[in-house]
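The values are calculated or read from the model by the stated rules, or taken from the named source; none is laboratory data. It should be emphasised that the depicted structure is a prediction, and the values quoted were computed from it without experimental measurement. For neighbour counting, all protein chains shown are included, and Cβ atoms are generated from backbone atoms with ideal geometry for every residue, glycine included. Accessible surface areas use protein heavy atoms only, side chains included; no ligands, DNA or RNA. Shrake-Rupley method; radii C 1.70, N 1.55, O 1.52, S 1.80 Å.
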Amino acid sequence: MILLESHNVVIQNTLNDRFSKPGTIDVQFVDFDGVRFRLWTPQTKEVIVLSMNIRCWDELVNYGVTDILQREYGSRLMAQAEADYHVSLEYAIDSIPPAGEERDAIVKA
């Protein structure tokens, strides 16, 4: 039996690292369920973008995923996803709380 975490370890570790010590990144990877991710700093090391390409995106849209994403991520949800991705989230480093429970909640969301 394989036990899977409820959050992605690559995302969690990278965000925690970059929230503590801002720097440029460009990490691309695929999760166990085929979701393609890109975690990068597009123009400045003060902003991190997490983009996701989800194979069943069209079906999720039929079930209202855009409303759910807006409710859960609010202003972090980018109006236009990065090219070749379905959804992108933007993290401004200066708006991230100091290490602790509140930051952990953002990283694991």
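Points to keep in mind about this one:
- By the helix-only formula, in which each DSSP H run with n ≥ 4 contributes -39500 (n - 2.57) and the sum is divided by residues, the chain has a 222 nm mean residue ellipticity of -9000 deg cm²/dmol.
- Rounded to the nearest 20, the size of the Cβ-charge dipole of region 23-73 about its Cα centre is 160 debye, with Lys and Arg at +1 and Asp and Glu at -1.
- Helix 9-20 and the longest principal axis of the Cα set of the chain meet at an angle near 30°.
- Surface composition of region 28-77: carbon plus sulfur atoms hold 48% of the accessible area, using a 1.4 angstrom probe and ignoring ligands, DNA and RNA.
- In this view, the solvent-accessible surface of His86, computed with a 1.4 Å probe and all protein chains in place, comes to about 70 Å².
- Shape of region 1-61, Cα gyration tensor, a/c cut at 1.5: oblate
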